[in-house]
Amino acid sequence: MRGRPDGPADGGATPRIATPPLAIRMRYAARYSEAAGPDTVTPHIPDRTARGNPRPDERLIPMDGNQYIARILHDEGVREICCFPSSQLLEEAADLGIRPVMFRHERGAVMAADGYSRMSDGERFGVGGTQKAAGAENWVGGRSLAFADNVPILHLPGGYALAERQVRPNFSAAENYRGITK
């Protein structure tokens, strides 16, 4: 990805992270400290005074990845997440008004996400969230069927801590889903 006009001066790559509105960031200010911790992402907010619209009340508030993903889902119009059983992402999404639809097994959740996408005629797509390991592994069958039929679904599996990623026999969703995702 090439640098943006508000990116680094050397024109290098800058990650594109959607910055939530001030009201959302202020809501989480009490929940998270101003000091960025190891599980916190500090968004790149361009200097608005250079563009002529200063916002003196705007501050950098560290947010974790779950909050960013939940905000993006909300902005894209996602109304429900098919899930089993629960995760921090689902709690953050529920805080923004995205309804978690709970199932007794991950296979039911992936079938519901698949059916939701099929019935919406391309206007919306099914979204599902699972826990790491067995939760992500149980999605393989339903995800394979959706891939074969060209049905768009978004799966958001939980993940391992960086120190545990290459420990065997942990299930790696990224490696195992490579052949059944676009």
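The values are calculated or read from the model by the stated rules, or taken from the named source; none is laboratory data. Quantities reported herein were computed from a predicted structural model and do not represent experimental measurements. Every residue, glycine as well, gets a Cβ built from its backbone with ideal geometry; the counts of neighbours run over all protein chains shown.
Miscellaneous remarks
- Candidate set: segment 140-160, residues that are part of a loop (DSSP other than H, G, I, E, B) and under 13 Å from the mean Cα position of the chain (by Cα); chosen: the one farthest from Ile81 (Cα to Cα): Gly159
- Total residues in segment 97-124, condition assigned to a loop (DSSP other than H, G, I, E, B), at pLDDT below 90 and either surrounded by 14 or more Cβ atoms within 10 Å (Cβ to Cβ) or in contact with a helix residue (DSSP H, G or I) (Cβ under 9 Å, 6 or more places away or on another chain) (or both): 2
- Among the conditions (1) part of a strand (DSSP E or B); (2) modelled with pLDDT under 90; (3) among the β-branched types (Val, Ile, Thr), Val127 misses just one, which is (2).
- Number of the exception - Ala113 against (1) more than 19 Å from Gly65 (Cα to Cα); (2) out of contact with any Cys (no Cβ under 6 Å at 6 or more places or on another chain); (3) of a type outside the set (D, E, K, R): (2)
- One residue from Leu90, Leu60 being at pLDDT below 90 and over 27 Å from Val140 (Cα atoms): Leu60
- Options Leu96, Leu73, Leu90: the member that is in contact with a Cys (Cβ under 6 Å, 6 or more places away or on another chain) and assigned by TED's automatic domain parsing to the domain that holds Thr130: Leu90
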